[in-house]
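A quick write-up on the structure given underneath.
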Amino acid sequence: MIKKKLTKIGITTLALSMALLTGCGKDKDKKEVTTNSDAVLNMEASDSMNNPSNIDFVPTKEGYVLSELTGEWIDEKLENQRPMCIMINNIIDAMPQSGISQADITYEMIVEGGITRYMCVFKDYDNIEKLGPVRSSRLYYVQASHIHGDLYAHYGWNTFAEEKINQLEVNNINGIDGVGGVTYYRDDSRYAPHNVYTNGEMLNAGVEYMGYSKEYKDNFKKSLAFYYEDTELEGGVTANKATAPFSSYYSPWFEYNPETKLYERFQYGEAQIDQETGEQLAYKNVLAIYARYSPIHDILLQVHWDEGGNGYYISNGKAVPITWRYEEGVIKYYDQSGAQLKMNPGKTFIEVLDSDGSSDMVFE
């Protein structure tokens, strides 16, 4: 067992073979290649100042673009669509949750009393049949939604969250406002406050009701970077199991499945299941980052995003050390060489742990 906390950008094999066929005197060449899945793609090569060392090959696929949230192919109609960020209950009384397995990115952070809450991020939310239970906003989740374009759904808030929403001009859909009946409903099979749900149709209705644009603002900057194909991690430590001890009584964990090459999630002593699919939650990537939490009022907390910190990138059975910084309104992740971290294409779970040393990741 390993317990510790730490205080390239490469060309893929496919791209490298293309480089051998590409002249260095052209500003742009295009080659057609066939992937292992028999899908025909185009690899566009562009160079800077005719310097072959700066060539970067970017795959293209007719009718599709690469998602900024997962690095996977999505319909080109979604390219400029802002994702929906939504608050999800995560205490044991709210289990099992519905629809969260569809999220492209899930954030987990501490709230009052050592429990946690999720913010799930969906690039395409049109086909969500049932999602929830939905819960109230917190200050630092507002800031996390800002990273992904400021379209933020929640049921209630506190004063600090409300102030930050107004300060950042976040396009929020609050269930306790007039839009509540448009966007949310209560499931009578559960008891309040763990019974608020929504779906894709209602989320779209809420966006329309509030008069929000579904498109990114012109100055939007991407937070994540991805490899174009699955890549094994170099260095680091073995991570067949990764545990995030948020508190003395809550320590969710992930177990690596070498057959699917995904991390399956467990909490409260058992597999975490999506009620709508009956399947266990599983992720290609886990980011475990350390941030400073501090009290803001009574039991309420804040996260000092501006300070940055350290952490781990976990994928394909390995965990490698990383750093992260909050820059120009987004979080950027960096590998040990100082280059922006590239992740494997797929869904990502982000654990935001306290940097005070009480929540060090455990790898086995």
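Kindly list, by first and then second residue, each pair from a residue in the range 158-170 that is under 17 Å from CYS85 (Cβ atoms) to a residue that is of a type in the set (D, E, K, R) and open to solvent by less than 100 Å² (accessible area, probe 1.4 Å), limited to pairs with Cβ atoms under 7 Å and residues at least 6 apart or on different chains.
ALA161/ARG138; LEU168/ASP150; VAL170/ASP150
Given the conditions (1) surrounded by 13 or more Cβ atoms within 10 Å (Cβ to Cβ); (2) at pLDDT 95 or above, and given that GLY211 satisfies all but one, which numbered condition is not satisfied?
In the conditions (1) surrounded by 13 or more Cβ atoms within 10 Å (Cβ to Cβ); (2) at pLDDT 95 or above, GLY211 misses (1) alone.
When you scan the range 198-256, how many residues do you find that are outside any loop (DSSP other than H, G, I, E, B) and of a type outside the set (Phe, Trp, Tyr)?
Total meeting the criteria: 20.
Quick one: in the range 230-252, which of the residues that are among the aromatic types (Phe, Trp, Tyr) and surrounded by 17 or more Cβ atoms within 10 Å (Cβ to Cβ) is nearest to ALA144 (Cα to Cα)? Don't jump to the end; show me each part of the working.
Let us first name the residues in the range 230-252 that are among the aromatic types (Phe, Trp, Tyr), namely 246, 249-250.
Then drop every residue that is not surrounded by 17 or more Cβ atoms within 10 Å (Cβ to Cβ), which leaves 246, 250.
Numbers: PHE246: 19, TYR250: 22 Å.
Applying the filter and picking the extreme gives PHE246.
Only residues that are assigned to a loop (DSSP other than H, G, I, E, B) and open to solvent by less than 20 Å² (accessible area, probe 1.4 Å): list them for the range 147-162, please. Explain how you work it out, then say what you get.
First, the residues of the range 147-162 that are assigned to a loop (DSSP other than H, G, I, E, B): 148-150, 155-158.
Hits for the range 147-162 are HIS148, GLY149, ASP150, GLY156.
In the range 63-146, which strands (runs of 3 or more DSSP E) lie fully inside it and hold 1 or more residues that are over 20 Å from LYS222 (Cα atoms) and open to solvent by 10 Å² or more (accessible area, probe 1.4 Å)?
105-110, 116-122
If the requirement is being open to solvent by 30 Å² or more (accessible area, probe 1.4 Å) and in contact with a helix residue (DSSP H, G or I) (Cβ under 9 Å, 6 or more places away or on another chain), which of these qualifies: TYR227, TYR268?
So the residue among TYR227, TYR268 that is open to solvent by 30 Å² or more (accessible area, probe 1.4 Å) and in contact with a helix residue (DSSP H, G or I) (Cβ under 9 Å, 6 or more places away or on another chain) is TYR268.
The values are calculated or read from the model by the stated rules, or taken from the named source; none is laboratory data. Here the structure is a predicted model, which is why all the values come from computation and not from measurement. Ideal geometry is used to build each Cβ from the backbone, glycine not excepted, and the neighbour counts take in all protein chains shown. Note: areas computed on protein heavy atoms with side chains; ligands, DNA, RNA excluded. Shrake-Rupley method; radii C 1.70, N 1.55, O 1.52, S 1.80 Å.
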